[in-house]
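Here the structure comes first, spelled out in structure tokens, and everything after it is commentary.
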Amino acid sequence: MTKKADLLLHPVRMRIVQQLLLGKPLTIAELLDVLGDVPQATLYRHINLLLKGDLIEIIDKKNVKGTEERVFSIKKDNLKIPENEIENTSQEDHLRHFTAFHGNLFQLATTYLTEAPPTRYEEEGFGYWYTPLHLTNEEFLELVESVNKCIEEAIKKQPTPERTARVFAGMFIPQNSSKS
């Protein structure tokens, strides 16, 4: 059986999931258009893997020029990678997943930075930072719970013309304090 992380942390599948997470169900034709550089056969293959993994679903079927066109939506509740899978994944696989994740963020940032002038960054909410935090384990858990609560509230907000979709990516990397 394919691990959920392997399904999600693939460059093409990550892009498909991201597009569907924007809140608008999409057809293959629409996905081909927004992804731009993914061949149709490749897209079908990855869509089928996401369907088989129960990460997306068909929510409608349209008849277009005599052909049935499926409309896909994300299954948000199924996206979380189980803790036991994380713990049982090798270090090499974690590095591979992190590389795919980082590559996807790099692609998103590159696209934005080549399209938007620096004068729009603040207004549109673009930024990146690195901030060391000195916390006890208890303080760290409080921070994580607080951040998770805020993100869970933000995720509940549905897309509207007034709302701008922004990707929030974060991570915590423990540092060996004896080396600091």
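Taken together, Val12, Val17 contain a single residue that is assigned to a helix (DSSP H, G or I), within 20 Å of Leu108 (Cα to Cα) and in contact with a helix residue (DSSP H, G or I) (Cβ under 6 Å, 6 or more places away or on another chain), which is Val12. I'd like to know if the range 88-99 contains one or more residues that are under 27 Å from Pro25 (Cα atoms) and without any contact (Cβ under 8 Å) to a residue 12 or more places away in the chain. No, the conditions are met nowhere in the range 88-99. When Phe72, Phe126 are checked against the criterion of being within 29 Å of Ile58 (Cβ to Cβ), aromatic (Phe, Trp, Tyr) and either touching a Pro at 6+ places or on another chain (Cβ under 8 Å) or open to solvent by 50 Å² or more (accessible area, probe 1.4 Å) (or both), a single residue qualifies: Phe72. Just one of the listed residues (Thr110, Thr131) is assigned to a helix (DSSP H, G or I) and loosely packed, with under 11 Cβ neighbours inside 10 Å, namely Thr110. Among the listed residues Glu122, Glu152, which satisfies the condition of being assigned to a helix (DSSP H, G or I) and more than 19 Å from the chain's Cα centre (by Cα)? One residue alone meets the criteria, Glu122. Which ones in the range 7-32 are out of contact with any Leu (no Cβ under 9 Å at 6 or more places or on another chain) and surrounded by fewer than 19 Cβ atoms within 10 Å (Cβ to Cβ)? Residues satisfying the conditions are Pro11, Leu22, Gly23, Lys24, Pro25, Thr27, Ala29, Glu30. Within the range 21-48, the set of residues being in contact with a strand residue (DSSP E or B) (Cβ under 9 Å, 6 or more places away or on another chain), among the small types (Gly, Ala, Ser) and not in a helix (DSSP H, G or I) comprises just one member, Gly23.
Of the residues making up the range 79-107, those that are more than 13 Å from the chain's Cα centre (by Cα), in a helix (DSSP H, G or I) and not acidic (Asp, Glu) are Asn84, Ile86, Gln91, His94, Leu95, Arg96, Thr99.
Residues being at pLDDT 95 or above and within 13 Å of the chain's Cα centre (by Cα) are represented in the range 32-55 by at least one member. Picking from residues in the range 134-166 that are touching a helix residue (DSSP H, G or I) at 6+ places or on another chain (Cβ under 9 Å) and open to solvent by 100 Å² or more (accessible area, probe 1.4 Å), the one that is modelled with the highest pLDDT is His134. Only a single criterion out of (1) touching a residue at least 12 places away in the same chain (Cβ under 8 Å); (2) at negative phi is not satisfied by Asp54, namely (2).
The values are calculated or read from the model by the stated rules, or taken from the named source; none is laboratory data. Note that the structure is a prediction, hence the values are computed from the model and not measured. FYI the Cβ positions are ideal-geometry reconstructions off the backbone, even for glycines, and counts take in every protein chain you see. Heads up: the accessible areas ignore ligands, DNA and RNA and are worked out on the full protein's heavy atoms, side chains in. Shrake-Rupley method; radii C 1.70, N 1.55, O 1.52, S 1.80 Å.
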